[in-house]
Amino acid sequence: MADEKTTEKTKLVTKESSWPVLLHFMGTAGSTFVIWRGVNSIEPAMKVMIPGLFVLIITAFIWALTQHNAGSALAYIFTPDWQLLGTPRLWIDALSQNAWDTGAACGIFLVYGASMTQSMGPVKTGTLIPLLNNTVSLMSGTMVFCTVFSTWTKVSPGGDKDDLMKLLKTNGPANTGLTFVWMPILFSTMTGGRVMASLYFLMVVVAGFSSYVPIMYSITQVLVDWGEYFGTQAGDGSDWKLPKAWEWLLKYVLPVEGLTLLVWWVVSTVRNEKIPWYQLGEGSLMTAILGWFVVGLVLLGLNLVFVRYRARMSRWWSSLIAKQEDIPACCCGHRQDRGDRDNPMTMTDKAKEAPVLEYNTID
């Protein structure tokens, strides 16, 4: 079977070879080069690849809905399991997935926000990005499940649904097989599917690379802007109006929800753990508490060091950044304001260019 061959190839690449390490190194080196040269070096490709990927996803989504037994897949996806919804682990996993999927967990919104122009409203952008992200995620999940149900029905007409669920759960590390196994199968049923599959995976790689760049940039920009204060800047009035209920939600609803989920998870963990909660072990409550304590202690120590030596470190780092003009074509860190023509994370080669107005150096 084609899916078995694809599964074996995926397993060979992800588990039994050094390709993941090599590809990660190549991605990191490429991101370093982009940050050094400036994101405008890849911007033309992004303007074509990302919309192209969106068009391909819509096309594959519509085609998947026409496959045999797609109705059963839709019923499976959109029929709630009330017993599963009553477990805190599901909600924690959903929140973690959404935080990772939108990039909020990696802090890349700090990069985007610091690089926004007056015309890029934070309310409008902060609404559209999660909305489009979750829409694409829902479409992608739907077309994968439609493909799985359709293929399973053809090769195992009398197969049990439990076997199908087991198949879905054994698709490589982190369910990577859902993309690298089943998407080629879906494209194989389409006219010109080989070309479309090649374009799809090329665009997926480019999209992943475009997300990896700001993740690295969020680290480098902190070092470049060390000791500087970013003031606020009024928008041009084109942004959407923030509802009055937003402040109420942030102040009261979200803290209560977070506290409730935390208490719910602690109680559920203590009741259902195979080992006592006070013992160290995989997934135990004490392991989580110890991890939180260590991370909190490290962050507290770093903040104390920064507060105590902030002025000295700021002067030292500023002098180091000023010497970047000795590095040819170094583009990291300093942005230039071009008004509405600015693109996110646009940078300049001029190391000693006059600072943007909202910057104030801390002495």
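The values are calculated or read from the model by the stated rules, or taken from the named source; none is laboratory data. In this text, all values refer to a predicted model and were calculated from it rather than measured experimentally. Every residue, glycine among them, receives a Cβ derived from its backbone with ideal geometry; neighbour counts consider all protein chains shown. The area values use the complete protein model at the heavy-atom level, side chains included, leaving out ligands, DNA and RNA. Shrake-Rupley method; radii C 1.70, N 1.55, O 1.52, S 1.80 Å.
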- line: Flagged in segment 64-75 as farther than 14 Å from LEU138 by Cα, open to solvent by 60 Å² or more (accessible area, probe 1.4 Å) and not hydroxyl-bearing (Ser, Thr, Tyr), in numbering order, are HIS68
- prompt: Can you tell which of PHE61, PHE78, PHE54 is touching a residue at least 12 places away in the same chain (Cβ under 8 Å) and open to solvent by 70 Å² or more (accessible area, probe 1.4 Å)?
  reply: PHE54
query: Is one or more of the residues making up segment 119-137 more than 24 Å from ASP239 (Cβ to Cβ), under 16 Å from the mean Cα position of the chain (by Cα) and without any contact (Cβ under 8 Å) to a residue 60 or more places away in the chain?
result: yes
Top-ranked residue of segment 81-95 - restricted to ones that are open to solvent by less than 50 Å² (accessible area, probe 1.4 Å) and in a helix (DSSP H, G or I), ranked as farthest from GLY208 (Cα to Cα): PRO88
task: Go through segment 111-230 and tell me which helices (runs of 4 or more DSSP H), entirely inside it, have 2 or more residues that are surrounded by fewer than 18 Cβ atoms within 10 Å (Cβ to Cβ) and modelled with pLDDT of 75 or more.
output: 122-155, 193-224
message: Please determine whether any residue of segment 272-289 is closer than 30 Å to VAL222 by Cα, open to solvent by less than 100 Å² (accessible area, probe 1.4 Å) and in a helix (DSSP H, G or I).
response: yes
task: Determine whether TRP292 is surrounded by 11 or more Cβ atoms within 10 Å (Cβ to Cβ) and modelled with pLDDT of 85 or more.
output: no
message: Looking for something at pLDDT 80 or above, part of a helix (DSSP H, G or I) and open to solvent by 80 Å² or more (accessible area, probe 1.4 Å) - is there at least one such residue anywhere in segment 305-312?
response: yes
query: Looking at this structure, is PHE54 modelled with pLDDT of 90 or more, of a type outside the set (Asp, Glu) and under 19 Å from the mean Cα position of the chain (by Cα)?
result: yes
